[in-house]
Each structure stands twice: as structure tokens, then as C-alpha cells.
Amino acid sequence: MIATADVPARRRRSSEEVEGMARVRSFSPSTQDIRPHPTEVDCEYRVVVDADRRLLHLTTFGSDDRASRAKSSQSLQVDVDAARELIVIIETAFPELRRS
């Protein structure tokens with residue numbers, strides 16, 4: 001999965017470069033030792049239409065404890081194929097959400 005994350009100043013990209021960032025192309029199970037995050041963030045979403053395709057764009061903003069003002073922390077975009085895959089993953093993680 002490719003996501004825009006906080007990047008050190010020397011690696012920050014201009015707005016033109018960020019617009020060209022990649023979309024999620026695949027999902028795979030993680031083998032990392034992952035624990036629940038201690039803070040919560042807000043997430044905004046928007047449907048982006050580009051030519052004949054739609055993308056779901058998700059952007060999270062820094063936690064309430066962040067020293068600087070709220071700004072985009074991470075973002076990712078999924079197309080219809082990635083969205084289908086993500087729906088299966090979500091329904092597997094939360095069986096109570098499965099559609100009949």
C-alpha cells in the first residue's frame with residue numbers, strides 16, 4: 001500500500017508531486033507485530049473523478065496532541081478494483097458487516 005506520510009523536510013514533495021502520488025494497487029496480509037495506536041485522528045474522504053475513473057481519496061489529519069495545527073498526515077486513493085478487495089478485507093475483519 002502506498003500512502004502519503006509525514007516526510008522529513010528534505011524529502012517533502014511539492015503540491016505538483018503529491019498530486020502524482022500512486023494509488024493503492026494491492027492489499028496483502030501483514031506479518032508485522034502491530035499494536036493498536038494510542039491516539040485517534042479524523043479522516044476526510046472525497047470521490048475524485050479523473051477522465052473515466054473514480055477514486056476514493058482518504059486523508060487523515062494529525063491527532064489532537066500534535067504540536068502543529070491540523071494538516072494532512074497520510075492519504076491514500078483506491079480505485080474500484082482496490083475498493084472491491086478492501087470490502088472483502090473489511091467483511092472478513094468485521095463479519096457482522098457482511099451483506100446477506
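Every number in this text was worked out from the coordinates using simple rules, so none of it is lab data. Bear in mind that the values here come from a model prediction, so they are computed numbers and not experimental data. Cβ placement follows ideal geometry from the backbone for every residue including glycine, while neighbour counts extend to all protein chains displayed.
Run the simple label-point estimate for Arg25 and Val47 please: 7 Å along Cα→C-beta, distance reported in nm.
Distance between the two pseudo-spin positions: 2.7 nm.
What does the net charge come to around Arg54 if you take all other residues with beta carbon closer than 11 Å to its beta carbon, with K and R at +1 and D and E at -1?
Charge balance near Arg54 sits at -1.
Give me the net charge of Glu85's neighbourhood, meaning all other residues with Cβ under 15 Å from the Cβ of Glu85; Lys, Arg count +1, Asp, Glu -1.
0
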